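One structure below.
Nothing in this text is a laboratory measurement; each read-out follows from the coordinates by a stated rule. Here the structure is a predicted model, which is why all the values come from computation and not from measurement. In this analysis, Cβ positions are derived from the backbone assuming ideal geometry, glycine residues included, and neighbour counts consider all displayed protein chains.
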Amino acid sequence: MAISLNAWKGISMVVFTALSILGAALAVVMKKKAKQVYITCGVLFSAGVLLAGGFVHLLFDSREHFDEAGKSFQWAEAITGATVVALVSLEWVIDSFIASNKASEKKIKSAEEDGVEEEPAVANEEEDSFTDNKVENGHGHDHEHIHAIDEEKPLGSLLLTIALSIHSIIEGIGIGEADSLDTFSSSFIAVAFHKAFTAFALGNSLASDGLWENKSRRKYFYLSVGLFIILSIIGIAIGWAISVAKSLVTTAIFIGITGGSFVYVAAMEILPEESKNIKREKLPTFPVVFSFVAGYVLMSMLALWA
């Protein structure tokens with residue numbers, strides 16, 4: 001007995017959930033036991049997959065839908081580019097807001113410290129000295145590392161979670177809006193192929209910010225991964241409803257936004273961070289370049305069948 005299209009959409013919810021959990025779990029395991037070069041290679045592979053998914057698959061699909069709807073303007077390219085511009089601008093605004101708040105807090109703290117008596121200040125110095133000794137003796141390294149990351153970019157993981165969740169819900173719409181098994185199969189293959197790698201990228205970012213090793217903050221790790229999974233399922237449900245309306249323009253718009261979010265996450269979040277890791281850890285060039293290129297090429301080759 002052949003499985004119906006609606007049944008396949010239900011199955012896809014389970015499959016994508018499993019792949020997301022697997023990818024995030026793998027990131028935690030590799031963060032603890034694997035060398036940095038393996039982690040970087042895995043993340044760069046996922047970046048290549050995202051870029052190919054955005055440029056080769058989704059941009060083409062969006063343009064095709066607009067053409068079928070009789071729209072002659074380059075709406076697909078415009079929407080994909082506008083999504084990147086919007087997400088970059090949003091990140092700048094958030095970073096500026098955070099920097100402004102930090103400056104205000106620093107001024108307030110300085111004003112308060114000017115009125116503090118000498119004895120508490122000495123006590124604080126002793127406490128700081130004790131903390132420094134712990135670090136020098138090999139204790140408290142993780143805390144110092146986590147603190148440094150948070151000070152540098154406190155909402156880095158949140159921004160990545162938001163970006164990945166946005167394209168997670170939109171790619172879910174792409175699955176749900178399929179009106180034939182042929183259309184569904186091409187979308188399913190593309191999404192399933194990179195789902196684990198995008199979850200790996202998210203899990204790696206969260207783990208790098210100490211949200212796993214620090215047990216008091218681990219709930220935020222589960223929250224971020226859970227949001228990524230749930231929004232993908234919600235996206236499929238929304239797409240399911242869109243498929244009933246059969247609106248080519250609506251589908252094309254969402255596909256274009258998905259493509260833009262893919263490009264943004266890969267080019268603006270993953271690649272800059274991993275470039276820093278490569279320079280800081282002095283990683284060998286060949287494996288990281290090979291992984292990045294392989295991710296892009298393999299995902300691009302899926303266009304031959306999807």
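Quick notes on this one:
- Over all orientations, segment 243-286 has a Cα convex hull whose mean projected area works out to 4.4 square nanometres.
- Counted charge near E171, where neighbours are those whose Cβ lies closer than 14 Å (Asp, Glu -1; Lys, Arg +1): 0
- Shape of segment 192-306, Cα gyration tensor, a/c cut at 1.5: oblate
- For the cross-link pairs K35/K276; K9/K35; K102/K219, the ones whose C-alpha atoms lie over 27 Å apart are K9/K35.
- For segment 1-114, size of Cβ-based charge dipole, Lys and Arg +1, Asp and Glu -1, in debye: 600
- Trypsin sites (Lys or Arg not before Pro) within segment 1-97: DSSP coil, no more than 12 neighbouring Cβ in 10 Å: K35
- Separation between Cα centres of segment 254-306 and segment 6-76, rounded to whole Å: 11
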